[in-house]
Amino acid sequence: MKMENTTKHEGLTRSERRKASTRARIVEAAERLMRDRGVEEVTIQDITEAADVGHGTFYLHFKTKGEVLRPLIEHLSDQVHVRVDQAAHGATDPALRNALGLRILLRAIAEDPLWSWYARSETSFSELVSEMGTPPADDMRNGLKSGRFEVADLPATVSFINGALVGMIALLDAGARADETADMTAELVLRVLGVSAEEARQIARQPLETH
């Protein structure tokens with residue numbers, strides 16, 4: 001997965017370009033190894049050898065092995081944004097977009113072992129969707145601001161939803177069907193956010209077309 005391009009480095013000094021190139025080489029080596037062997041089987045030593053850098057250089061860019069996945073997760077998050085926009089067909093209803101975001105994101109997590117590992121091991125689901133700016137977080141905020149969603153206790157609601165999503169990821173890991181699990185999750189989250197049961201089911205079960 002190539003994420004670097006020449007225009008991104010325009011205006012940088014030679015030292016900054018060298019640093020960016022080294023960082024990209026580490027990320028590319030880590031992704032190649034982790035997709036080939038599995039995340040748990042890859043060590044920092046494996047990554048540094050494959051990228052032809054020293055341990056000190058690695059730690060200049062990343063604190064942990066898992067942190068190397070962050071640029072990849074950010075790239076995948078950008079893809080989720082595009083897919084949600086495609087599936088929404090111009091609709092701005094926060095409930096619809098929130099459901100689409102959850103359905104697409106959970107499917108993506110189920111399909112990609114690197115994203116699945118990151119979601120389970122390196123951060124909470126709420127941090128994942130908030131820090132990456134993924135659609136569920138954006139549209140939840142929009143829905144609360146516009147009054148589309150109504151909750152009595154926002155911190156408690158967010159905590160409850162976060163726990164439920166982590167549980168759903170565990171179900172996916174245990175072999176649950178990704179499509180059904182993602183759609184059910186979207187329906188339940190909408191109900192927690194104050195959408196009626198009938199409407200939540202209708203929104204969460206709409207045909208999902210992103211291409």
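The values are calculated or read from the model by the stated rules, or taken from the named source; none is laboratory data. Note that the structure is predicted; figures quoted are calculated from it, not measured. We place every Cβ from the backbone using ideal geometry, glycine too, and count neighbours over all the protein chains shown. Keep in mind that these areas ignore ligands, DNA and RNA; they rest on the heavy atoms of the full protein, side chains included. Shrake-Rupley method; radii C 1.70, N 1.55, O 1.52, S 1.80 Å.
One residue stands out in the range 175-199 among those that are free of Cβ contacts under 8 Å to residues at least 40 places away in the same chain and under 15 Å from Glu150 (Cα atoms): the one that is most open to solvent (accessible area, probe 1.4 Å), namely Arg191. When Ser130 is tested against (1) surrounded by fewer than 17 Cβ atoms within 10 Å (Cβ to Cβ); (2) modelled with pLDDT under 85; (3) not aromatic (Phe, Trp, Tyr), exactly one condition is not met: (1). One residue stands out among those in the range 134-176 that are of a type in the set (D, E, K, R) and in a helix (DSSP H, G or I): the one that is farthest from Pro71 (Cα to Cα), which is Lys145.
Tell me yes or no: at least one residue of the range 58-66 is open to solvent by 20 Å² or more (accessible area, probe 1.4 Å), closer than 20 Å to Ser116 by Cβ and under 25 Å from the mean Cα position of the chain (by Cα).
yes
Can you pull out every residue in the range 36-59 that is touching a residue at least 40 places away in the same chain (Cβ under 8 Å) and of a type in the set (A, V, I, L, M)? Listed by number, the list holds a single entry, Val39. Taking the criterion of being part of a helix (DSSP H, G or I) and open to solvent by less than 70 Å² (accessible area, probe 1.4 Å), the residues of the range 200-210 that qualify are Ala200, Ile203, Ala204.
Among the residues that make up the range 114-122, is at least one of them farther than 30 Å from Ala200 by Cβ, surrounded by fewer than 21 Cβ atoms within 10 Å (Cβ to Cβ) and not hydrophobic (A, V, I, L, M, F, W, C)? Yes, the range 114-122 has at least one match.
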